[in-house]
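Comments concern the structure below.
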Amino acid sequence: MVVSMIQFRIELPPLESIKDKRRIVVSLKEKLANKFHISVAEVDLQDSMRYAHLGAALVSNSRSFGESVMHKALAFVEKNCEGVLQDAEVFSEMY
């Protein structure tokens, strides 16, 4: 079993409330989950108005498949996110 993961931080546009941030983050999480069939969560910076830190995971039987999906998800975030991708890391662990 291989667990492939990604974590990334997004710098958000100027927002007026935490509710605006939640709208952006929830929308992105739903799009990623639906398009790539991955589990997505906001893993840090929940109270920050300027940044969002998300993580996603996929369980498969192939490291190359899992990492390929994560890289495609990252490309999707770069193209479709309302903010600017600051940094990202893709990795896999075999169990």
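Inside region 76-95, can you point out the residues that are of a type outside the set (Phe, Trp, Tyr), under 15 Å from residue 40 (Cβ atoms) and part of a helix (DSSP H, G or I)?
Those that are of a type outside the set (Phe, Trp, Tyr), under 15 Å from residue 40 (Cβ atoms) and part of a helix (DSSP H, G or I): 77, 80.
Mind listing just one residue for me: the one in region 17-40 that is outside any helix (DSSP H, G or I) and among the hydroxyl-bearing types (Ser, Thr, Tyr) and, of those, surrounded by the most Cβ atoms within 10 Å (Cβ to Cβ)?
Per the criteria, the residue is 39.
Consider region 28-48. How many of its residues are more than 11 Å from the chain's Cα centre (by Cα) and either modelled with pLDDT under 95 or farther than 14 Å from residue 6 by Cβ (or both)?
Counting residues in region 28-48 that are more than 11 Å from the chain's Cα centre (by Cα) and either modelled with pLDDT under 95 or farther than 14 Å from residue 6 by Cβ (or both) gives 6.
Here are some residues: 77, 26, 3. Which one is out of contact with any Phe, Trp or Tyr (no Cβ under 9 Å at 6 or more places or on another chain) and of a type outside the set (Lys, Arg)?
Result: 26 is the single residue among 77, 26, 3 that is out of contact with any Phe, Trp or Tyr (no Cβ under 9 Å at 6 or more places or on another chain) and of a type outside the set (Lys, Arg).
Can you work out which of the residues in region 1-16 that are in a loop (DSSP other than H, G, I, E, B) and in contact (Cβ under 8 Å) with a residue 12 or more places away in the chain is farthest from residue 84 (Cα to Cα)?
Checking each candidate, the answer is 1.
Check residue 43 against each of (1) part of a strand (DSSP E or B); (2) free of Cβ contacts under 8 Å to residues at least 40 places away in the same chain; (3) surrounded by 18 or more Cβ atoms within 10 Å (Cβ to Cβ); (4) not acidic (Asp, Glu) and name the one condition it does not meet.
Only one criterion in (1) part of a strand (DSSP E or B); (2) free of Cβ contacts under 8 Å to residues at least 40 places away in the same chain; (3) surrounded by 18 or more Cβ atoms within 10 Å (Cβ to Cβ); (4) not acidic (Asp, Glu) is unmet by residue 43, namely (3).
Among the candidates 7, 86, which residue alone is of a type outside the set (Ser, Thr, Tyr) and surrounded by 13 or more Cβ atoms within 10 Å (Cβ to Cβ)?
Among 7, 86, only 7 is of a type outside the set (Ser, Thr, Tyr) and surrounded by 13 or more Cβ atoms within 10 Å (Cβ to Cβ).
The values are calculated or read from the model by the stated rules, or taken from the named source; none is laboratory data. Worth saying up front: this structure is predicted, and the values here are computed from it rather than measured. Note: ideal-geometry Cβ built from the backbone for every residue, glycine included; neighbour counts use all protein chains shown.
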